[in-house]
Each structure stands twice: as C-alpha cells, then as structure tokens.
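Some notes on the structure that comes next.
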Amino acid sequence: MLTAPAHRLPSRGSAGPSAESVLYIAMTAHTLRIDHLVISARTLDEGTQYVADTLGVEPAGGGAHPLMRTHNRLLNLWDGVYLEVIAVHPDAEAPASGADARPRLFALDAAATHERLASGPYLSHWVVRVERPKDLPRWQAQYPQRIPPVVPMSRGVFTWGLSVPDDGAFPGWQGAGDGIVPTLIQWDTPQHPSDVLPETGLALKSLKGIHPQAETVAAHLRWLGAAHLIALSAPDIAEGKGDGEGTVETATLVAEIETPNGLRTLK
C-alpha cells in the first residue's frame, strides 16, 4: 500500500500559508491520487524486459495511441494504480498529407530523452488522476499557466483527457519539471485499466522524487494538491557535481514496489 510521505522541505516564510492558499488546498483535497507510473523505453520489448527483470512479472496488454504515435504495455500495481511501459510506435500511421505531426507526449521526441534511453529504460514520469466532481478541462481553463492543455485520447474502449504541453515536453512550473511534476489525467469511461488488468501480487509502496529545483516543484505540487503523493528532495550535492546546478540528469524518480519476493526498486 502506498504510504503518504511527510514532506521534507521547509515552508517559505514564518507567517505560514495565506488564507487564499489554505482555501485552495481545502478545495483540492482528496481529488487527486496516483493513477500510474511511466517507464519510458526505446522499444516495448526493452521496457518489458526491464520491468520483468526487476519485479518478476511481465507487463502485457495495452495497445496503441494513434494521436501520439506511441504504444504501451501495462502492469497492475493494486488499489487502482498501474505501471505503463511506453515507447514510440514504429508502425504508427503517419499524419495526413500536409498535416504536422503532434510532438509525442512524455518528451519522447526530445534529444535528452533519446540520450538517456540509450542507457536503458527508466522510470521517467508519474500521472495523477483527477477525481470527479472536479472537472479537469474546466480546471485547466481556469489556470492555463499552471496546467497544460487537456488532450482527448483513446485506446480501445478507454477514453480520457490528459494534460500535455503542446511541445510534448514533461509538464513543469517556472522551468522545473523533468518528469517530477506529474501529468494530470481524467478518465471519461467508468472502467479504469486497473479494473481489467490481471492481479500481480505487486503494490506501490512509496514514490520519491529528486530535483535540483525541489522548492519550486514542491510549491507547484502543493498548489495542485499532490504534495502528499510523493516524497520530494533536492540532490545530495556531495554525491553530485558539487555546484548544485540543476540538470535533467539530476531529476530522478524512485518507486518502491512490494512483490511476493520482497521490496524492489524502479528508477
């Protein structure tokens, strides 16, 4: 079972949050939960093998996302959470003549992602579910600087809205993101993928994020109402470059997964 981490970052200022902030947090309380984790890979086979080697269970099912020209495989993590292995679909249909191809989601077209994937699949991102009655498109329309545009998507019988920047990058806030700021999702169909995925004996225990601009990310997570879902910290400079400078490479997600054979780590 996922344990709610205590936030380890100090609050800004001694006066505490404003009345407006307290009201906003109260309004967003209990409307967000972890929907799924994302393993990015050069190919589905590479990603599937990485997960199978780490967790002892092989992802399956899934399908194609025609709009994004990607495809995936899925793995149940219990309690309405699942794991997604995603990769560029090599046989995706090209856009209609004269139409521009939309950049793929989760920064899959970015040179930095290609460079990182050359070393193997990795835990690149996480997706947070917006529960009704909160309406994700309406929320985004109210705060377009905070939440990327909501893109209608589908796969098989499932339809949903997903907050995806127009350039396909990871969502962020004030230049900080790199996979640690979550994507928002709202399902349009009553059935969730985890409802139809086979039981695996796996469960997400905890999710940790490391980011060189941890304070900026933390502030945005608090605004979203998602700070309780992840334990966030800055990199240990003693183990890094020593200058505290943030790069995409120092942004890291770590998920602890309970398995029948003990605790395993995805990163």
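Globularity index of region 57-185 is 1.07 (Cα radius of gyration / 2.2 N^0.38 Å, N = number of residues). Scalar couplings 3J(HN,Hα) for region 72-88, obtained by applying the Karplus form with A = 6.51, B = -1.76, C = 1.60 to θ = phi - 60°, are 8, 9, 10, 8, 6, 10, 6, 6, x, 10, 9, 10, 10, 9, 10, 8, 5 Hz; x denotes Gly and Pro. Going from the fewest other Cβ atoms within 10 Å to the most, the residues Glu84, Glu258 appear in the order Glu258, Glu84. Expected output is a single nm value to one decimal: the length gained when fully extending between Asn261 and Ser233, i.e. 0.36 nm times separation in residues minus the C-alpha distance. What is it? Length gained between Asn261 and Ser233: 7.2 nm.
Label sites at Ala141 and Arg102, each approximated as a point 7 angstrom past Cα along Cα to Cβ, lie 1.8 nm apart.
By the count of neighbouring beta-carbon atoms within 10 Å, fewest first, Trp126, Trp173 end up ordered Trp173, Trp126. Here is the list for region 96-199: GluC sites (Glu not before Pro) lying in DSSP coil, each with at most 10 other C-beta atoms within 10 angstrom of its C-beta, are Glu199. Fully extending the segment from Ala94 to Gln174, taken as 0.36 nm per residue of separation minus the present Cα-Cα distance, adds 25.4 nm. Need one word for region 19-266: rounded, prolate or oblate. Basis is the Cα gyration tensor (sqrt eigenvalues a ≥ b ≥ c); a/c below 1.5 gives rounded, then a/b vs b/c decides. Rounded.
Modelled label positions at Thr43 and Glu199, each set 7 Å beyond Cα in the direction of Cβ, lie 3.5 nm from each other.
Every number in this text was worked out from the coordinates using simple rules, so none of it is lab data. Only a predicted model underlies this, so the values are computations on that prediction, with no experimental measurement involved. Quick reminder, even Gly has a Cβ in these numbers, built from the backbone with ideal geometry, and neighbours come from all protein chains shown.
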